[in-house]
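The values are calculated or read from the model by the stated rules, or taken from the named source; none is laboratory data. Not measured: the values here are computed from a predicted model. Cβ sites come from the backbone with ideal geometry, for glycine too, and all protein chains shown count toward neighbours. These accessible areas exclude ligands, DNA and RNA; they are computed on the full protein's heavy atoms, side chains included. Shrake-Rupley method; radii C 1.70, N 1.55, O 1.52, S 1.80 Å.
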Amino acid sequence: MVAKSGRHFLQIPGPTNVPDRILRALAQPTIDHRGPEFATLGKEVLLGLRAIFKTAAPVVVYPGSGTGAWEAALVNTLSPGDRVLMFETGQFATLWKDVAVRFGLAVDYVAGDWRTGVDPKVVEAKLAEDKGHAIKAVAVVHNETSTGVVSRIAEIRKAIDQARHPALFMVDTVSSLGCIDYRHDEWGVDVAVSASQKGLMLPPGLCFNALSDKAIAATKSARLPRSYWDWQQMLRDNAGGFFTYTPSTNLLYGLREAIAMLNEQGLDATFARHARHGEAARAAVKGWGLELVATDPREYSGCVTAVLLPSGHDADALRKLILERFDMSLGTGLGKLKGKIFRIGHLGDFNDLMLAGALAGVEMGLTLAGVPFRKGGVAAALDRLTVA
Ligand SMILES: Cc1ncc(COP(=O)(O)O)c(C=O)c1O
């Protein structure tokens with residue numbers, strides 16, 4: 001390991017770089033979470049989050065990680081034995097499915113190749129077959145962080161409508177919120193799942209459910225056991241700006257700052273920045289003559305680029321070399337992609353030179369690791385970044 005100097009490059013697809021403004025916001029004295037000053041903070045972040053999810057409905061905030069918000073989405077709306085339609089798009093879809101199975105839900109898990117997103121046509125066909133409306137929920141991961149593949153949520157909504165099916169629509173936006181356009185109300189999503197450590201530029205520790213009236217109504221008949229994740233008491237307390245149990249006060253300071261930053265930058269400009277960085281990263285991969293995991297250009301991610309190494313080359317050995325030599329963390333291959341791919345995170349608080357530096361680290365690493373590739377990927381990315 002060479003002696004470290006300068007900044008570490010955190011290029012995993014979350015947790016992402018926490019901007020100084022947010023770090024400073026976190027470093028304020030913790031206040032009484034039952035006092036009037038807290039109520040102002042609580043109301044401000046609960047309202048501010050609605051704009052980020054593009055919803056007029058409540059957003060529930062928990063101290064927890066995204067995995068908790070997966071569980072919360074299911075236990076608040078469903079009953080043991082309910083059928084749920086899920087899709088094997090990658091590791092995170094698989095983990096959400098595992099949560100559902102552990103709770104005794106009957107998951108119809110549509111097999112996938114981990115290189116493509118949810119096919120709206122399959123959604124429509126599956127729901128059209130279900131004449132008795134036994135399927136109670138359709139659950140989809142928006143940006144599959146393990147593969148860099150984005151499922152087309154608006155089209156999936158249309159497919160559900162086309163089948164005239166009343167299932168709840170649940171979407172995991174853990175790595176898309178604040179990075180890729182997400183329209184909770186317009187797309188008729190009933191429960192969105194998200195977390196703090198990706199596009200919101202915060203440390204890990206908060207997770208979210210954005211709701212709909214239909215989702216809130218479903219809590220009345222849902223019989224899965226729930227306590228910590230129960231929306232009902234939380235929504236009552238949130239109305240006054242308070243939380244049912246001790247909230248992550250300092251992370252909420254950070255959240256207030258993150259929402260302000262996203263609003264200052266503008267959501268559309270933020271989405272465009274992510275899309276452009278995705279294009280430049282893919283230009284680099286193409287320039288290197290390597291293969292993307294994502295195969296359908298309509299599903300390319302602006303958050304993360306997953307790259308396959310030629311067979312016989314260990315992606316984790318490459319990552320280790322790059323970490324030791326250049327002090328850069330890249331995302332590892334997860335689940336069945338372990339050792340076969342590496343992932344370049346380009347989401348959150350990020351800019352052109354950070355991307356250029358990250359890609360330069362990858363190109364140098366490929367050389368040192370003896371991976372067969374063409375030089376010039378970085379140059380191709382720079383060309384993409386300098387298009388007027
Ligand atoms: C798309 C997606 N969903 C869910 C999760 C799980 O979130 P957590 O690790 O915060 O529990 C992750 C984590 O990276 C993710 O990327």
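Assuming charge only on the beta carbon of Lys and Arg (+1) and of Asp and Glu (-1), the dipole of the range 154-222 about its Cα centre is about 140 debye to the nearest 20. Taking the longest Cα principal axis of the chain as reference, the axis of helix 153-162 is set at about 40 degrees.
In whole percent, and with a 1.4 Å probe on the protein chains, what portion of the accessible area of the range 3-89 is carbon and sulfur? Result for the range 3-89: 57 percent of the exposed heavy-atom area is carbon or sulfur.
In this calculation the C-beta distance from residue 232 to residue 98 is compared with R0 = 35 Å, giving a FRET efficiency of 0.85. For the range 247-362, the fraction of 1.4 Å probe accessible surface lying on carbon and sulfur atoms is 54 percent. Ranking 8, 280, 367 by Cα position along the charge dipole of the chain, where only Lys, Arg, Asp and Glu carry charges on their C-beta atoms, puts 367 farthest toward the positive end. Partners of residue 375 within straight-line reach, counting aspartates and glutamates whose Cα lies under 13 Å from its Cα and excluding those fewer than 8 residues away in the same chain: 363.
Residues of the chain: accessible area per residue at 1.4 Å, in Å²?
40
Residue pairs exceeding 22 angstrom between C-alpha atoms, taken from 136/336; 136/214; 97/336: 136/336. In this calculation the C-beta distance from residue 162 to residue 219 is compared with R0 = 35 Å, giving a FRET efficiency of 0.80.
Of all GluC sites (Glu not before Pro) in the range 177-269, which ones are in loop regions per DSSP and have a Cβ with at most 13 other Cβ atoms within 10 Å?
On the way: sites: 186, 257, 264; in loops: 186.
Those satisfying the criteria are 186.
Label reach from residue 265 (point 7 Å along Cα→C-beta): in the range 184-208, amide nitrogens under 15 Å belong to 196-203. Compute the helix-to-body angle for 249-265: its Cα long axis versus the longest principal axis of the chain, expressed 0 to 90° and rounded to tens. Once rounded, one gets 70 degrees. Here the Gaussian network model covers the chain, with springs between Cα atoms less than 10 Å apart; of 103, 169, 271, 103 fluctuates the most. Taking the alpha-carbon centroid of each part, what is the distance from the range 1-37 to the range 146-223 in angstrom? So the two Cα centres are separated by 26 Å.
Helix 66-75 sits at what angle to the longest principal axis of the chain, using alpha carbons and giving 0 to 90 degrees rounded to 10? Rounded to the nearest ten degrees, it is 30. Highest average first, the peptides 321-330, 112-121 ordered by how many other beta carbon atoms sit within 10 Å of their residues are 112-121, 321-330. Neighbours of residue 118 by Cβ distance under 14 Å: Lys/Arg scored +1, Asp/Glu scored -1, total -2. Bridgeable lysines around residue 4 (alpha carbons under 19 Å apart, same-chain partners fewer than 8 residues away excluded): 320. Taking 20 Å as the straight-line reach from the Cα of residue 338, the aspartates and glutamates in range (excluding those fewer than 8 positions away in the same chain) are 88, 98, 113, 144, 291, 314, 316, 324.
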